[in-house]
Amino acid sequence: MDLGEGLRQAVARLRGKTIIDSKTIKEFNKELQKALISADVDVKLVFELTKRIEDASLHSNIPKGIDPKDYIVNLLFDELARIMGSSYSPEMKPKRILLLGMYGSGKTTTAAKLAKYYQNRGISSGLICCDITRPAAYEQLETLAKQANAGFFGIKGEKDVRRIIREGKEALKDRKVIICDSSGRNALDPGLIRELTLIADEFKPDEKLLVVNADIGQIATTQAKELNSAVKIDGVIVTKLDGSGKGGGALSAVNEAGVNITFIGNGEKLNDLEVYDAKKYVGRLLGMPDIESLVDKVQNAIKEANLKPDEVNMNELNFETFYAQLKTMSGMGPLKGILGMLGAADVPSSVVEQSEDKLKKYKAIIGSMTKEERRNDTLLHNQARIKRLAIGSGTSEKDVRALLSDFSKMKKMIGMMQNDRNFKKNMSKFMPGLKM
């Protein structure tokens, strides 16, 4: 069980209680303690947090008109946000960023994600490969730079980091944001510190960002403190939060170390990097919808898929526009993450996997359709065409019929929504580019 699941279960049990008394609060706090300690959050922090919740719940005057359960959940939200840090707002201006960290932190992939983040916002970026110890680091960063549509510079086999930096700055001088990927180690040793110092002296970074893997939990405190002491870091990027049960521990540990969390990585794709906001993160842990982040993901995915406005126009739903929507979803990362942003993080994994498998099949089936079939779905109510699509897509006739059935239901639902003025008004606030 991950941290979010444990917290949501504790909140659900609290909401199921009819009486909120001392016994109920203590039971709630025990569940919180179990969930937080299992996620590698520091024990002292956990007990301080639950003590504050207990004191405020039992000894404060709850404002009139506020449900005690809502009051306690809000206390939990505020306390978790406090130990998870604050929010970060990157400046959209020319700068140099140096990434550093240990082996296995995901530093090279994060460098490309960071470049992609700025590229998506119209700020040209470039990557310098200064990892002179890890085999294939040059090739990996070069490949990722192409995927991010970012500039790249490296000197294969070169061990002089100062030369790489000097020539890299010149080669990428037309790029507004230059990101330098440095070598990692199994531990912070004198050789690594000396190398990082040489890079920093030559590169003169505006930001030095430590990359840590969420799996290390509380050890993030040690890494943040040691590297901050050695080279004075400006912030931390926490990676692999999507698959880690210790993510909460890593985030709270970095905050305890007195260093700002800047970005978090929550997936394998280059767009799976987001600016850190403690309240948004905690909100997702507690099952609260994060529409703002979801809209940002949708817009980035639309750009990534090179879709035209007409292709996301819901006024005329056919298989052509539906296919465009499936392409958009493919660029948004794992379905579990999307559901989490909608406040539905506890959908069973088996259901999520079945849904992802179904979407892949649907994409393949639509990809086998002719242009006429995509624009006129009535042509597909024909056994010969269904058989042809099944063979062409490597699926079954049953899969093709399931797509036709789901598509028909979707058309009816869209028609109902188009007649609902309040729904259209709310959607226009969140997604102004969507036509309905």
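Throughout, read-outs are computed from the coordinates displayed, never taken from laboratory work. What you are looking at is a predicted structure, and each value in this text was computed from that prediction instead of being measured. Every residue, glycine as well, gets a Cβ built from its backbone with ideal geometry; the counts of neighbours run over all protein chains shown.
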Using a cut-off of under 20 Å, list every residue of the stretch 20-51 whose amide N is near the label point 7 Å from the Cα of Gln9 along the Cα-to-beta-carbon line. 24-43, 46-47, 50
Among all the aspartates and glutamates, which ones have a C-alpha under 16 Å from Lys51's C-alpha, if same-chain residues fewer than 8 places away are not counted? Asp21, Glu27, Glu31, Asp42, Asp78, Glu79
Considering only the other residues whose Cβ falls under 9 Å of the Cβ of Lys95, what net charge follows from Lys and Arg at +1 and Asp and Glu at -1? 0
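When ranked by the protection proxy of mean other Cβ atoms within 10 Å per residue, highest first, what sequence do the peptides 105-117, 68-80 form?
Details: 105-117: 25.0, 68-80: 17.8.
So the peptides 105-117, 68-80, ranked by packing, come out 105-117, 68-80.
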Within the stretch 151-187, DSSP-loop trypsin sites (Lys or Arg not before Pro) with at most 13 other C-beta atoms within 10 Å are Lys156, Lys159, Lys173
Where does the charge balance sit around Arg401 when Lys and Arg score +1, Asp and Glu -1, over other residues with C-beta under 15 Å from its C-beta? +2
Assertion target for Met410, Met369, ordered by fewest C-beta neighbours within 10 angstrom first, is Met410, Met369
Longest to shortest principal axis, alpha-carbon extents of the stretch 95-285, angstrom: 44, 38, 27
Aspartates and glutamates with Cα under 16 Å of Lys156, excluding same-chain neighbours fewer than 8 positions away: Asp131, Glu139, Glu142, Glu167, Asp181
Leaving out same-chain residues fewer than 8 places away, which lysines sit with a Cα under 21 Å from that of Lys371? Lys308, Lys327, Lys360, Lys361, Lys363, Lys387, Lys411
Cross-link pairs beyond the 21 Å C-alpha cut-off, checked among Lys146/Lys280; Lys93/Lys169; Lys146/Lys173; Lys246/Lys279: Lys146/Lys280
